[in-house]
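Written below as structure tokens is the structure these notes are about.
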Amino acid sequence: MSLMRLLARWPIFFTFTVLCLVAQENYPFSNFPMYSSFAPKSYFVYLADATGQPLPTFRFGLSTADLKKVFNSKRQPLFRLEKGAAKPDSATADRVAGAEVLRHLEKLPAVRRQRPSLLPGLQVRRVDLRWKSGRIETEMTTIAQHP
Amino acid sequence: MKIPTPSALHPFYERLFMRLAFAWVVVLSTPSKLNVHSLPAPNGVARLIDLNFLINPKWLGVCYVLLLIALGFYLARVLLWLALPIIFAIHVAVNAVVNSQGAIHHAPQIVSLVLLAQTAACYYDWWLRRRGAAIECELEERQIFWSQQAIAATYFVAGLTKLIASDGAWIFQARFIGLQIFKTAYQAYYNTLNLAGLNEQLALAQFAAAHGVLLAAICALGLGLELLAPLILLGRWWSLILGLCLLAFHLSIASLMQLAFLFHRLLLVIYIISPIFWSVWGAGGLMTLRRKNRPSPTSP
């Protein structure tokens with residue numbers, strides 16, 4: 001079957017393939033980049049109360065994976081700098097993004113509905129994962145805390 | 001014994017099943033309640049159209065009722081030219097709001113794309129009729145085939161993206177997948193603080209970290225399946241075999257990495273594997289075989 005005949009027979013397949021690759025992450029299109037590359041390090045973020053006890057993320061109306069995506073969306077822009085501006089160090093970027101996550105949580109309807117409030121003393125914690133000679137090592141840091 | 005070739009056309013009972021099941025998937029993949037306060041990171045159509053009105057539960061409720069009415073028309077195949085764009089617009093708008101929270105989900109896109117394919121098929125059919133051109137196939141047959149093309153495209157794109165994003169080195173990088181299993185195991189635990197299965201997942205992650213080559217080989221199979229997804233468009237047998245392989249691929253990802261991809265799985269079952277067709281076809285074949293083997297009443 002020639003390419004032209006295939007194009008005529010599978011118009012949606014070819015059109016959607018091109019549109020998804022070009023439009024990338026623009027709903028309803030996506031290039032489906034999840035797990036498209038792997039590195040020997042990764043991390044995740046979770047929430048803990050004032051005493052450091054973990055809190056189920058579902059109580060905030062979102063998943064732990066979403067929490068990381070929100071954190072990442074606040075953190076990444078900090079590294080898009082104007083010419084001549086100093087690059088923030090990783091720990092500072094974490095602190096700023098962590099505080100932004102707390103502000104994001106404050107506004108969520110699922111959080112505002114809860115009594116007593118989940119917010120006082122709420123901690124955002126980051127766990128770094130590293131692949132070292134066939135073993136996974138972890139390191140936890142508290143990056144932000146609600147007053 | 002020669003195996004008869006199944007018809008490429010879809011009998012009425014199969015089309016009815018597809019319609020009902022797809023309408024159910026549309027309902028499942030359209031949230032009726034949103035836990036959002038604004039659109040802090042507008043995505044896709046939310047960049048083009050102000051969708052803030054959907055944050056108001058009243059407007060969301062109105063859209064949901066409209067969606068259900070339009071799905072009723074879709075099921076009855078009445079006013080499809082109107083019902084399909086409404087279903088597509090509401091599905092895209094609500095999910096664009098969900099994806100505009102700074103966290104992009106990759107679950108509902110496939111449903112939106114199938115809706116877009118069905119809407120396009122509907123308008124293409126209308127255009128052909130208006131031109132007086134020869135209609136090669138019935139509208140619903142075209143909708144099914146274009147839906148299958150949309151599904152194949154999503155898998156193919158996912159495979160291509162892996163090659164593009166990793167500069168072709170995805171299989172070599174896949175030895176680090178143990179880290180991702182470890183991360184998703186903890187993320188699943190922190191969702192609910194339910195310890196069930198956590199230790200097993202962590203042990204599996206450490207095993208994967210220690211046996212990277214084995215994991216890379218398994219991942220290569222998954223990538224191969226994604227890149228071969230267009231073959232599902234070659235006919236019933238290809239659809240069945242590749243559809244079952246893709247479903248098995250999803251089930252293994254779900255158990256390894258807690259990634260459900262529910263809508264992908266459901267659409268594979270509805271449009272690609274089509275168990276209802278194969279059950280009827282298999283039962284029909286068995287009955288024919290029995291009839292042939294039954295001794296004739298005139299034989300001694």
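Which of the listed residues, A:Ala8, A:Tyr27, A:Leu118, is farthest toward the dipole's positive end in chain A, when Lys, Arg count +1 and Asp, Glu count -1 at the beta-carbon?
Positive-most Cα among the choices belongs to A:Ala8.
Any chance you could give the angle, 0 to 90 degrees and rounded to 10, that helix A:64-75 forms with the longest Cα principal axis of chain A?
90
What is the mean projected area of the alpha carbon convex hull for segment A:41-145, to one decimal in square nanometres? Walk me through the intermediate numbers first.
Details: hull surface 31.3 nm².
Answer in nm², one decimal: 7.8.
Any idea what angle helix A:11-23 forms with the longest principal axis of chain A, computed on alpha-carbon atoms, 0 to 90 degrees, nearest 10?
Between helix and principal axis, roughly 40 degrees.
Any idea how far apart B:Ala134 and B:Phe172 come out in nm if each label point goes 7 Å out from Cα toward Cβ?
5.2
Angle between the Cα long axis of helix A:90-107 and the longest principal axis of chain A, 0 to 90 degrees, nearest 10?
90
Can you grab the distance from the C-alpha centre of segment B:25-84 to the C-alpha centre of segment B:195-266, Å, no decimals?
With segment B:25-84 and segment B:195-266 each reduced to a Cα centre, they are spaced 31 Å.
A:Lys74: which lysines have alpha carbons under 16 Å from its alpha carbon, excluding same-chain residues fewer than 8 sequence positions away?
Those lysines meeting the cut-off are A:Lys87, A:Lys107.
With unit charges on the beta carbons (Lys and Arg positive, Asp and Glu negative) and the dipole taken about the Cα centre of the protein assembly as shown, which residue among B:Met18, B:Ile241, A:Thr64 sits farthest to the positive side?
Of B:Met18, B:Ile241, A:Thr64, it is B:Met18.
At a 10 angstrom cut-off on C-beta neighbours, averaged per residue, how do the peptides A:59-68, A:18-27 rank from highest to lowest? Working shown, then result.
On the way: A:59-68: 20.8, A:18-27: 17.2.
For the peptides A:59-68, A:18-27, the packing ranking is A:59-68, A:18-27.
Would segment B:1-117 count as rounded, prolate or oblate if I go by the C-alpha gyration tensor, calling it rounded below 1.5 in a/c and otherwise prolate when a/b exceeds b/c, oblate otherwise? Mind showing how you got there, number by number?
Details: a/c = 2.91, a/b = 1.94, b/c = 1.50.
Prolate, since a/c reaches 1.5 and a/b exceeds b/c.
Say we join alpha carbon atoms closer than 10 Å with springs in a Gaussian network model of chain B; which of B:Phe145, B:Phe53, B:Phe249 then has the biggest fluctuation?
B:Phe53
List every DSSP H helix in chain B whose Cα atoms extend 15 Å or more along the helix's own long axis and whose mean Kyte-Doolittle hydropathy is at least 1.0. All intermediate terms of the calculation are to be shown ahead of the outcome.
Details: long enough: B:12-28 (24 Å, 1.36); B:57-76 (28 Å, 1.74); B:80-98 (27 Å, 2.24); B:109-131 (32 Å, 0.27); B:139-165 (38 Å, 0.48); B:177-192 (24 Å, -0.06); B:198-210 (18 Å, 0.71); B:212-228 (24 Å, 2.26); B:236-257 (30 Å, 1.55); B:275-293 (27 Å, 0.02).
What comes out of the filter, once short or polar helices are dropped, is B:12-28, B:57-76, B:80-98, B:212-228, B:236-257.
Alpha carbon centre of segment A:1-76 versus segment A:126-144: separation in Å?
The two parts, judged by their Cα centres, are 22 Å apart.
Could you give the dipole magnitude of segment A:41-145 about its Cα centre, charging the beta-carbon of Lys and Arg +1 and that of Asp and Glu -1, in debye to the nearest 20? It would help to have the intermediate numbers written out before the result.
Details: 20 positive and 10 negative charges, 50 e Å.
I would put it at about 240 debye.
Would you mind telling me which residue in B:Ala220, B:Ala134, B:Ala205 has the biggest mean-square fluctuation in a Gaussian network model of chain B, where springs connect alpha carbons within a distance under 10 angstrom?
Among B:Ala220, B:Ala134, B:Ala205, the largest GNM mean-square fluctuation belongs to B:Ala134.
Can you give the net charge of the other residues whose Cβ lies under 10 Å from the Cβ of A:Phe71, counting K and R as +1 and D and E as -1? Show your work: numbers first, answer last.
Numbers: positive: A:Lys68, A:Lys69, A:Lys74, A:Arg75, A:Arg126; negative: A:Asp66, A:Asp94, A:Glu100.
That sum, taken over residues with Cβ under 10 Å, equals +2.
Between A:Gln114 and B:Trp59, what's the calculated FRET efficiency when r is the beta-carbon distance and R0 is 22 Å? Round to 0.05. Mind dumping the intermediate values first?
Values: r = 25 Å, r/R0 = 1.12.
According to the calculation, E is roughly 0.35.
Provide a whole-number value for the mean count of partner chain Cβ atoms within 10 Å of the Cβ atoms in peptide B:111-118.
Working: counts 1, 4, 7, 1, 1, 6, 5, 1.
If you average over the peptide's residues, the count of other-chain Cβ atoms is 3.
Can you check what the net charge comes to around B:Gly243, using other residues whose Cβ is under 15 Å from the Cβ of B:Gly243 (Lys, Arg +1; Asp, Glu -1)? Please report the intermediate quantities before stating the final value.
Details: positive: B:Arg236, B:Arg265; negative: B:Glu14, B:Glu226.
Once all neighbours under 15 Å are counted, the net charge is 0.
How many partner chain Cβ atoms sit within 10 Å of a residue's Cβ in peptide B:167-177, on average, as a whole number?
Working: counts 1, 0, 2, 4, 0, 1, 6, 3, 4, 9, 3.
Across B:167-177, the average partner-chain Cβ count within 10 Å equals 3.
Within chain B, how many Lys pairs sit with Cα atoms under 29 Å apart, leaving out pairs fewer than 8 places apart on the same chain?
Values: B:Lys2/B:Lys292; B:Lys33/B:Lys58; B:Lys33/B:Lys183; B:Lys162/B:Lys183.
Lysine pairs meeting the criterion: 4.
Gaussian network model of chain B, Cα springs within a sub-10 Å range: biggest mean-square fluctuation belongs to which of B:Leu234, B:Leu54, B:Leu67?
B:Leu234
With every protein chain left in place and a probe of 1.4 Å, what is the accessible surface of B:Tyr189, to the nearest 10 Å²?
Around 40 Å² of this residue is reachable by solvent.
Can you bin chain B into rounded, prolate or oblate? Criterion: square roots of the alpha carbon gyration tensor eigenvalues sorted a ≥ b ≥ c, rounded for a/c under 1.5, prolate for a/b above b/c, oblate for the rest.
oblate
Report the full-extension gain for the segment B:Asp50 to B:Arg294: residue separation times 0.36 nm, less the Cα-Cα distance, to one decimal in nm. Numbers along the way, then the final one.
Working: separation 244, 0.36 × 244 = 87.84 nm, distance 6.89 nm.
My answer for the length gained is 80.9 nm.
The values are calculated or read from the model by the stated rules, or taken from the named source; none is laboratory data. A quick note: this is a predicted structure, and the numbers were derived from the prediction, not measured. Cβ coordinates were reconstructed from backbone atoms using ideal geometry, including for glycine residues, and neighbour counts include every protein chain displayed. What goes into the accessible areas is simple: the full protein's heavy atoms, side chains included, and nothing from ligands, DNA or RNA. Shrake-Rupley method; radii C 1.70, N 1.55, O 1.52, S 1.80 Å.
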